[in-house]
1. Say we look at region 180-190 and pick out the residues that are at negative phi and more than 13 Å from the ligand (Cβ to nearest atom); which of these is surrounded by the most Cβ atoms within 10 Å (Cβ to Cβ)?
2. Does residue 173 satisfy the criteria of being surrounded by 13 or more Cβ atoms within 10 Å (Cβ to Cβ) and either more than 18 Å from residue 92 (Cα to Cα) or in contact with a strand residue (DSSP E or B) (Cβ under 9 Å, 6 or more places away or on another chain) (or both)?
3. If residue 145 satisfies all but one of (1) more than 30 Å from residue 251 (Cα to Cα); (2) within 14 Å of the ligand (Cβ to nearest atom); (3) surrounded by 14 or more Cβ atoms within 10 Å (Cβ to Cβ), what's the number of the condition it fails?
4. Across region 102-122, which residue is farthest from the ligand (Cβ to nearest atom) among those that are without any contact (Cβ under 8 Å) to a residue 60 or more places away in the chain and either surrounded by fewer than 20 Cβ atoms within 10 Å (Cβ to Cβ) or in a helix (DSSP H, G or I) (or both)?
5. Can you pull out the residues in region 124-138 that are within 15 Å of the ligand (Cβ to nearest atom) and either surrounded by 23 or more Cβ atoms within 10 Å (Cβ to Cβ) or assigned to a strand (DSSP E or B) (or both)?
6. Taking the stated definitions as given, is residue 199 in contact (Cβ under 8 Å) with a residue 12 or more places away in the chain, in contact with a strand residue (DSSP E or B) (Cβ under 7 Å, 6 or more places away or on another chain) and in a loop (DSSP other than H, G, I, E, B)?
7. For region 89-99, check the following and say yes or no: at least one residue is over 28 Å from residue 262 (Cβ atoms), within 12 Å of the ligand (Cβ to nearest atom), part of a loop (DSSP other than H, G, I, E, B) and in the same structural domain as residue 251 (by TED's automatic domain parsing).
8. Taking the stated definitions as given, is residue 155 in the same structural domain as residue 239 (by TED's automatic domain parsing), surrounded by 15 or more Cβ atoms within 10 Å (Cβ to Cβ) and more than 9 Å from the ligand (Cβ to nearest atom)?
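The values are calculated or read from the model by the stated rules, or taken from the named source; none is laboratory data. Please read all numbers here as calculations on a predicted model, not as lab measurements. Cβ atoms come from the backbone with ideal geometry, glycine included; neighbour counts cover every protein chain shown.
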Ligand SMILES: C[S@@+](CC[C@H](N)C(=O)[O-])C[C@H]1O[C@@H](n2cnc3c(N)ncnc32)[C@H](O)[C@@H]1O
């Protein structure tokens, strides 16, 4: 308790009040720690806490479109190669497609692709790119109720899983796998936190989720769920749904590849 109090006291007054009000824990490797000058990051705009992630991605959409094939980083090249080989000639479901950065690459290889996101702003940008063979659907990843009765041979979600609320992990994977054929191939990719990352990152006692504050050029700040999984956590999360689960864990991102288990509870 004394250590917690000391950590709290090291924070700026406004931050102390917020931690106490919302039951926040600051942490590094699971331990309480004073944040290093995070208040500066909070300055300049109100933090949107209700539906903040949705607002964040709607507002971020104009800055998100890019041609990933021009990105020289090795992990991007690896993801492109994996996606192309996975989706070749297949019916494909992409969840949380954002501005269609990966959809653009997959569409020429796939037989068909349905790409979903819950941000209208993201989908507006994605649709404007006129990607062939692709049907964009405005849908929540936790339900995926609007894509119809089609079942897919391949499903992928890049940089979504870290944004899912812990209490709803099962809801997401149940909905996702229900839209895929038994034995369908899945690829999930998301961030590993960098040791030198100074972005404020904290958990809340009530949800047990971790959060980050993100700023956009519009001057607003947004609080979003951001879970940095360990390989062990990924394994225990995915193993109940997966055959031939393979986890690759190399900064800056982890990959999970598996086949949807045919006898899973859906
Ligand atoms: C980090 S972006 C990744 C976008 C894209 N996959 C990419 O890699 O470029 C996260 C995306 O997840 C979407 N998203 C977050 N929560 C969602 C939910 N519950 N249902 C559908 N989409 C969601 C956001 O709108 C955003 O487009």
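1. Here is the first cut: in region 180-190, the residues at negative phi are 180-182, 184-190.
So of that shortlist, the ones also more than 13 Å from the ligand (Cβ to nearest atom) come out as 180-182, 184-186.
Working: 180: 20, 181: 16, 182: 14, 184: 22, 185: 20, 186: 24.
Ranking the candidates gives 186 first.
2. Working: surrounded by 13 or more Cβ atoms within 10 Å (Cβ to Cβ): yes; either more than 18 Å from residue 92 (Cα to Cα) or in contact with a strand residue (DSSP E or B) (Cβ under 9 Å, 6 or more places away or on another chain) (or both): no.
Criteria not met by residue 173.
3. Failing condition for residue 145: (3).
4. 111
5. If the condition is that a residue be within 15 Å of the ligand (Cβ to nearest atom) and either surrounded by 23 or more Cβ atoms within 10 Å (Cβ to Cβ) or assigned to a strand (DSSP E or B) (or both), then 126, 134, 136, 137, 138 are the ones that fit.
6. yes
7. Scanning region 89-99 turns up at least one residue that is over 28 Å from residue 262 (Cβ atoms), within 12 Å of the ligand (Cβ to nearest atom), part of a loop (DSSP other than H, G, I, E, B) and in the same structural domain as residue 251 (by TED's automatic domain parsing).
8. Values: in the same structural domain as residue 239 (by TED's automatic domain parsing): yes; surrounded by 15 or more Cβ atoms within 10 Å (Cβ to Cβ): yes; more than 9 Å from the ligand (Cβ to nearest atom): yes.
Yes.
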